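Bear in mind these aren't lab numbers, they're just calculated from the coordinates by the rules spelled out. Because the structure is predicted, anything quoted here is derived from the model rather than measured. All Cβ positions, glycine included, derive from the backbone under ideal geometry; neighbour counts span all protein chains shown.
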Amino acid sequence: MLAADLLIAFLVLVVLIILLSGIKILSEWERAPVLTLGRYAGMKGPGIIYVTPFISRVPMRISTRLQTYSFVIEQTLTKDNVPVDVDAVMYFMAADPEKCVLKAENYVEATKYAAQTTLREVIGQTTFDELLTEREKVGEIARNIIDEKTEAWGVKVTSVEIRDIKIPSMLQEAMSRQAQAERERRARVTLALAEVQAAEKMVEAANLYSGNDRAFQLRWMNMLYELGLQSEGPLIIVPANIPSAGVSTMGIIGLEDVMGGIKGKKRERGVRGRSGAEGEGAQTSQTDQK
């Protein structure tokens with residue numbers, strides 16, 4: 001009797017273990033397809049689910065969270081035959097877990113391969129300049145094409161971003177020289193435009209002075225005054241006959257006053273300089289006597 005009781009207890013324990021093995025816990029972001037006798041019975045989760053042992057099974061668990069895939073497209077020719085290496089990243093998620101199970105054996109790997117081939121095709125239809133300046137546009141075109149391919153598998157592609165574009169070193173040097181030449185061209189154009197504007201302003205000023213003799217004389221006297229301030233030596237005016245330059249008698253008197261003021265300032269500076277030198281000499285002599 002004891003042996004029979006132990007056998008019954010053992011069988012009951014085995015049955016309980018088998019029954020309890022059908023309990024599964026799924027996280028909030030997980031979904032599990034259930035196959036009963038080989039046929040799809042539905043999608044379960046999240047939380048606690050029960051799968052009948054030996055009759056039903058869960059072949060895989062599907063994550064509904066956003067997934068990332070980083071990949072590099074090597075030695076791909078652009079539309080204008082420039083070899084490039086493109087480093088990109090794709091963001092995707094399982095939007096329809098049922099399709100992910102029934103339509104693709106491995107929806108993750110299928111999505112990755114679709115991303116590689118699609119981005120290579122898009123690069124081949126894009127020029128090198130467009131690839132450099134319009135990365136977001138190229139990534140959006142690739143995303144739309146990949147999303148159309150993976151929609152049948154229940155996958156939603158949210159974004160494709162181009163992180164880096166690598167080109168051969170020789171091509172980098174050529175592009176650097178081209179950029180430098182472009183900067184020099186812009187600098188020369190800017191300088192030429194500045195000279196044109198300066199010439200136009202000078203012509204406008206000449207037209208204003210030609211119609212107003214007094215303004216011209218005042219401007220001429222102002223120029224002489226500035227030259228006198230800047231000059232350390234004697235100032236020679238050519239022509240020597242000032243009236244022949246279009247300056248009236250009153251202008252001559254004003255000019256003499258201006259030149260006299262300049263000479264007076266220079267004399268004051270000279271006197272101050274000599275006074276300072278004499279003072280320093282006196283102090284030196286007193287020191288020597290002591």
Inset, instruction - Report the extension gain between Glu28 and Ala9 in nm, rounded to one decimal, defined as 0.36 nm multiplied by the number of residues separating them, less their alpha carbon distance. - result: 3.1 nm
Legend entry - the range 124-174: C-alpha gyration tensor shape, a/c 1.5 cut-off, then a/b vs b/c: prolate
Inset, instruction - Could I have the simple spin-label model distance between Asp213 and Glu182, label points 7 Å from Cα toward Cβ, reported in nm to one decimal? - result: 5.8
Legend entry - Cα-based Lys proximity count in the range 67-167, under 23 Å, for pairs eight or more positions apart or on separate chains: 15
Inset, instruction - Treat the count of other C-beta atoms within 10 Å as a stand-in for reagent exposure and order Thr64, Thr78 from fewest to most. - result: Thr64, Thr78
Inset, instruction - Between beta-carbons, use under 14 Å as the cut-off and find the net charge around Arg57, counting Lys and Arg +1, Asp and Glu -1. - result: +4
Inset, instruction - List the chymotrypsin sites (Phe, Trp or Tyr not before Pro) within the range 17-119 that fall in a DSSP loop (any state other than H, G, I, E or B) and whose Cβ has at most 16 other Cβ atoms within 10 Å. - result: Trp29, Phe54
Legend entry - Calculated Rg and Dmax of the range 41-173 using C-alpha coordinates, Å: 18.7, 68
Legend entry - Around Thr68: net Lys/Arg minus Asp/Glu count, Cβ-Cβ under 12 Å: +2
